[in-house]
Amino acid sequence: MNKREIVKNGLFKTNPLFILLLGMCPALAITNKVDNAIGMGIAVIFVLVLSNVVISLIRKIVPSEIRIPVFIVIIATFVTCISLLMQAYAYNIFVSLGIFLPLITVNCIIYGRAEAFASKNNVLDSAIDALASGGGFAMAIIMVSVVRELLGTGHIIITNLFNSDMVLFSTINMWNWLGNLINPSNHTFISDFFSKHSISILVEPVGAFLVLGFLIAIVNVIVNKTKLRKESAGVSK
Amino acid sequence: MNKRVITYPLILGSVVLLSTFLLAFVYNITKPIIEENAIIRENQVVLDLFPGAEIKVVEGELTKDEKDAGLTSVVKADDNYVYTFNTKGFKEGFVFLIAIDGEGNFNAFHIVSSMDTPGHVDNVRSKNYSDIFIDKSYDTEFGDNLIITGSTYTSGAVADAVKIAGQHYGRIK
């Protein structure tokens, strides 16, 4: 399989969350804030890349009968490493992610890529596949969290993962800047609108199901339309 | 068959060994930073209680009773002795601070975190509850006055802590 195809598959064609519906548990639980989604995305990419690389390196040594315990030990090791590193350097995200950080060990995406790809392909392809699948998962949970935080609280605030006091991006500032251009006498009218009409249920667990359901429906519409277009292009040829 | 009996455990053992080395390496790198951050967070809570206070760690070994009650550290914020407890209410991880001023009276109680049922924690967080021992002398016998019916485990942990903090203060004053 060529590398472009691997990237395309991981990010879009077989996106772990939107297409394969893998890793639903953390995706539903931690996507109430964009900060959490970014932290979880980084953790999953870290574990996925390192475990895929190691599993690919030792694929010819490990007999298939004991591959499952070997994979679990490797994945659990990297999950513990990222837990310790987050506890030391990104404590707020570590607390926010809570139990869902150690639970990456049993995330189907990671085990799935190890079993289906890394144990059968070379190191470079495995690393690319891990980056693409991890990136696809991260992209998906960030999309869910953007919708949930913006519509659920009326604003999005992204902080530095290593220093939660440092705000990197805030929609409040952006809306106020935009509001100032449109109506300088009442520059807060856009942020006021979002705050006033926030749908608080979206930051609750049930909101995660609703948002994910809508996003999966949109992805399915796009996928089906693309398929139809390709089919009709094939017929006309 | 015989070959498998040797090679499979050997491979699995090697993977576990390498994982252990990696974990030990990461643990040793992160341990001092995690401990340092914990102290900073703890001091921050003390500073929230006593703004601008100069914080000093109170040296000295804790007794078995003090350790059993979950007393983890004692610091001096100006004239106040601040006791940090990490104990078990209904569940593990009930962290709170009790302070005694220079005259030997309890003067602060603050819950940092708890895994207990929020209702039980709210019962002990209420001002009515802390008023039972705040402004009272460190050697006051509270008996069962600090036990709340229905929140026995949570309030029991605080009652034990108040007693232990008083004993510690009496020992070092």
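Of all residues in segment B:1-46, which are outside any helix (DSSP H, G or I) and facing chain A (nearest Cβ under 10 Å)?
Residues satisfying the conditions do not exist here.
Of everything in segment A:58-76, what is within 7 Å of chain B (Cβ to nearest Cβ), among the β-branched types (V, I, T) and not in a helix (DSSP H, G or I)? Give them in sequence order.
Of everything in segment A:58-76, those that are within 7 Å of chain B (Cβ to nearest Cβ), among the β-branched types (V, I, T) and not in a helix (DSSP H, G or I) turn out to be A:I61, A:V62.
Counting only residues that are surrounded by fewer than 18 Cβ atoms within 10 Å (Cβ to Cβ) and under 15 Å from the mean Cα position of the chain (by Cα), how many does segment A:110-138 have?
Residues flagged as surrounded by fewer than 18 Cβ atoms within 10 Å (Cβ to Cβ) and under 15 Å from the mean Cα position of the chain (by Cα) within segment A:110-138 amount to 0.
Among the residues that make up segment A:146-169, is at least one of them assigned to a helix (DSSP H, G or I), of a type in the set (K, R) and surrounded by fewer than 12 Cβ atoms within 10 Å (Cβ to Cβ)?
No, segment A:146-169 has no match at all.
Report yes if A:I75 is within 22 Å of A:S164 (Cβ to Cβ), touching a residue at least 12 places away in the same chain (Cβ under 8 Å) and hydrophobic (A, V, I, L, M, F, W, C), otherwise no.
No: the conditions fail for A:I75.
Going through B:T20, B:T72, B:T63, B:T87 one at a time, which residue ends up being on the phi < 0 side of the Ramachandran plot, crowded, with 19+ Cβ neighbours inside 10 Å and not hydrophobic (A, V, I, L, M, F, W, C)?
The conditions single out B:T87.
Which residue out of B:A108, B:A157, B:A161 is within 24 Å of B:I39 (Cβ to Cβ), touching a Leu at 6+ places or on another chain (Cβ under 9 Å) and surrounded by 20 or more Cβ atoms within 10 Å (Cβ to Cβ)?
None of the others qualify; the one that does is B:A161.
Within 14 Å of another protein chain (Cβ to nearest Cβ), among the polar types (S, T, N, Q), under 26 Å from A:T31 (Cβ atoms) and under 19 Å from the mean Cα position of the chain (by Cα): which single residue out of A:N107, A:N92, A:N52 fits that description?
A:N92
Please find, within segment B:80-118, the residue that is farthest from B:Q44 (Cα to Cα) out of those that are of a type in the set (D, E, K, R) and at pLDDT 90 or above.
B:E103
When you check A:I19 against the structure, is it away from every other protein chain (no Cβ under 11 Å), in contact (Cβ under 8 Å) with a residue 60 or more places away in the chain and outside any helix (DSSP H, G or I), yes or no?
yes
Name the one entry in B:F25, B:F50 that is surrounded by 11 or more Cβ atoms within 10 Å (Cβ to Cβ), aromatic (F, W, Y) and under 26 Å from A:F162 (Cβ atoms).
On inspection, the qualifying residue turns out to be B:F25.
Take the conditions closer than 30 Å to A:V95 by Cβ, away from chain B (no Cβ under 14 Å) and either without any contact (Cβ under 8 Å) to a residue 12 or more places away in the chain or touching a strand residue (DSSP E or B) at 6+ places or on another chain (Cβ under 8 Å) (or both) and apply them to A:I38. Does it pass?
Yes: the conditions hold for A:I38.
Let me confirm something: among A:N92, A:N32, which residue is more than 18 Å from A:L17 (Cβ to Cβ), surrounded by fewer than 24 Cβ atoms within 10 Å (Cβ to Cβ) and in contact (Cβ under 8 Å) with a residue 40 or more places away in the chain?
Exactly one of A:N92, A:N32 is more than 18 Å from A:L17 (Cβ to Cβ), surrounded by fewer than 24 Cβ atoms within 10 Å (Cβ to Cβ) and in contact (Cβ under 8 Å) with a residue 40 or more places away in the chain, namely A:N92.
Could you tell me how many of the residues in segment A:149-166 are among the polar types (S, T, N, Q) and more than 19 Å from the chain's Cα centre (by Cα)?
Total meeting the criteria: 3.
Assuming A:V79 fulfils every condition listed in (1) more than 14 Å from chain B (Cβ to nearest Cβ); (2) in a helix (DSSP H, G or I) apart from one, which condition is it?
The number of the failed condition is (1).
Filter segment B:62-101 for residues that are assigned to a loop (DSSP other than H, G, I, E, B) and more than 19 Å from B:S155 (Cα to Cα); which is nearest to the chain's Cα centre (by Cα)?
B:L62
Restricting to segment A:99-139, name every residue that is small (G, A, S) and without any contact (Cβ under 8 Å) to a residue 12 or more places away in the chain.
Residue satisfying the conditions is A:A116 alone.
Quick check on my filter: what residues within segment A:170-187 are in contact (Cβ under 8 Å) with a residue 12 or more places away in the chain and outside any helix (DSSP H, G or I)?
A:S170
Just one of (1) within 12 Å of chain A (Cβ to nearest Cβ); (2) of a type in the set (K, R); (3) not in a helix (DSSP H, G or I) trips up B:K56, so point out which.
The single condition B:K56 does not satisfy is (1).
The values are calculated or read from the model by the stated rules, or taken from the named source; none is laboratory data. This is a predicted model, so every value here is computed, not measured. Glycine gets a Cβ as well: all are built from the backbone with ideal geometry, and neighbour counts include every protein chain shown.
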